[in-house]
Amino acid sequence: NARQEMVEFVKKLSKYAKEKSPGFLIFAQNAVELYPEYKEQIDGIGKEDTWYDDNEVLDVDESELNILKQAVEDGKIILAIDYPTEKEKICNFYAKCKENKFICTVSNRELDMSRPILC
């Protein structure tokens, strides 16, 4: 029931927030697989660890990536953040984000610094 409860919570939260403030934006954090169930109520998705877990290259979940691509096609904003520290991996992350039309950044897990790198 947790899945359905989360979907219902997001729907109610979105309705309430947008009634109070029409410009209010709702972003789901991770849980990409729920997108089809509340896509009308959210404005975007925050996604961590899409291609890297720190400096470890991840096996990309193609079904998840396809959902994110669909969200972009639906006009949603994807805010991606990964945590690599090596320049080559940082540049690769930024390139993949650009290719997929995601807005992205690289930081540390504490989120108290960004890693701007000229690629």
Condition set over 21 Å from Asn30 (Cα atoms) and among the acidic types (Asp, Glu), scope region 81-119, selection most open to solvent (accessible area, probe 1.4 Å): answer is Glu88
Checked region 1-42 for anything touching a residue at least 12 places away in the same chain (Cβ under 8 Å), in a loop (DSSP other than H, G, I, E, B) and closer than 16 Å to Asp74 by Cβ; matches are Leu25, Ile26, Lys39, Gln41, Ile42
Among the candidates Leu58, Leu25, which residue alone is open to solvent by 40 Å² or more (accessible area, probe 1.4 Å), within 21 Å of Ile90 (Cα to Cα) and either more than 14 Å from the chain's Cα centre (by Cα) or among the aliphatic types (A, V, I, L, M) (or both)?
-> Leu58
Would you tally the residues in region 78-113 being over 15 Å from Glu56 (Cβ atoms) and assigned to a strand (DSSP E or B)?
-> 8
Any hit, region 55-77, residues being outside any helix (DSSP H, G or I), out of contact with any Ser or Thr (no Cβ under 7 Å at 6 or more places or on another chain) and farther than 22 Å from Glu33 by Cα = yes
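The values are calculated or read from the model by the stated rules, or taken from the named source; none is laboratory data. All of these numbers come straight from a predicted model, not from anything done at the bench. Counting neighbours? That spans all protein chains shown, and the Cβs are built from the backbone with ideal geometry, glycine included. Remember, those area values only see protein heavy atoms, side chains included, never the ligands or the DNA or RNA. Shrake-Rupley method; radii C 1.70, N 1.55, O 1.52, S 1.80 Å.
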